[in-house]
Each structure stands twice: as C-alpha cells, then as structure tokens.
C-alpha cells in the first residue's frame, strides 16, 4: 500500500469496510455481534481476496471478498466494489471492463463500466477471448478441424465426419459457414 492510496466506504457497508483505488479492501475497527449474541472487538485489517475460480484461457480469475455485518456474510467481487465507490453505481446495461485484460487487477485505473460489446472487444484485443479448444465445451481441437476440412475437401460427407468425430452435423456445417473455428487456417 502506498501513502497516496485513496480509500472510500464500501457502498452498503459504510462504517464496516473501505475499498481503495488500488483494489484493496479493509475492514474497519469495530465491535461485532455474533449470531449467538457474543460480542468481540475486530481490528482494522486488509482483507485477502479469494479467486472466484473462473479462469479464461489461463488468465487469472476475478477476486472476491467476504463482507459481514452482525454475522450476516456476503461475498462481493472486488472490481465492483472499486467502481461503485469511486465511479458510482453500475449504469443499467453495463458490466465491468478490465482495461488491461487481467481480471484480478482491480486498480481503479484499470477499471470502467462498459457495454457487453465493449467488454467482448476488449477480450479480442487482449487475446483472452476463449476460442476453439480454449472453450470449456469444445469437443474438437484446431488440428482436428484442419483434418475435417481436408477430408471434406477430398469429398467426405458432413454427416459421416460428424459421426467420425462425435459431434453434431451442425457443428461441422458451422465450421464451413464461418460461424465457428474461423480462427483456424487450413
């Protein structure tokens, strides 16, 4: 943390938590009440964010923290806390953009609200958009797609290729219509 790091209250958790323009979240010193009626003192501390487990093409995952008031816990994504505190509530129809393509970089300078189309354009520009075999649902690889295209060029039928490679015939058709696997050169 630097001396010029700016801190603001976490919206909805004012007096309990703050978030910084560097993407840190801290709890504030306070007295807490547990569900069993016990009272305890909490010291101010920086929270350690957890990864949400979803990665894109080997790129890091978004981070989240657990915030609680009077034994009621809520998990929130850090990038949203930063934007809400420093920019304002999310405008309808927008989502968070990580401008450098790293979803665990929650510095204010790396974040902004944007449309889903802008976010997708960012992933294409950063090379983090899962294409082909990077997609979690992919049944084919780039090498197999080249083999299928070569077999089709040699006269193989789409239905036969679909059976051979264990995919639906529409998967093979989309390959030739430019709707999927367009990034693979023959």
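The table below gives the values:
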quantity	calculated
Length released on extending from residue 72 to residue 47, taking residue separation times 0.36 nm less the Cα-Cα span	7.3 nm
Residue list for segment 16-49, given a label point 7 angstrom along the Cα-to-Cβ vector of residue 100 and an amide N cut-off under 15 Å	21-24
Taking 17, 33 and counting other C-beta atoms within 10 Å, the order from fewest to most	33, 17
Reference-scaled alpha-carbon Rg (2.2 N^0.38 Å with N residues) for segment 6-47	1.27
Percent of Cα-Cα distances greater than 19 Å, calculated over segment 7-126	50
Surface/4 of the Cα convex hull for segment 133-176, nm²	2.8
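A short reminder: the numbers here are calculations on the coordinates, not readings from a lab. Nothing here was measured: the structure is a model prediction, and the numbers come from that model. Every residue, glycine as well, gets a Cβ built from its backbone with ideal geometry; the counts of neighbours run over all protein chains shown.
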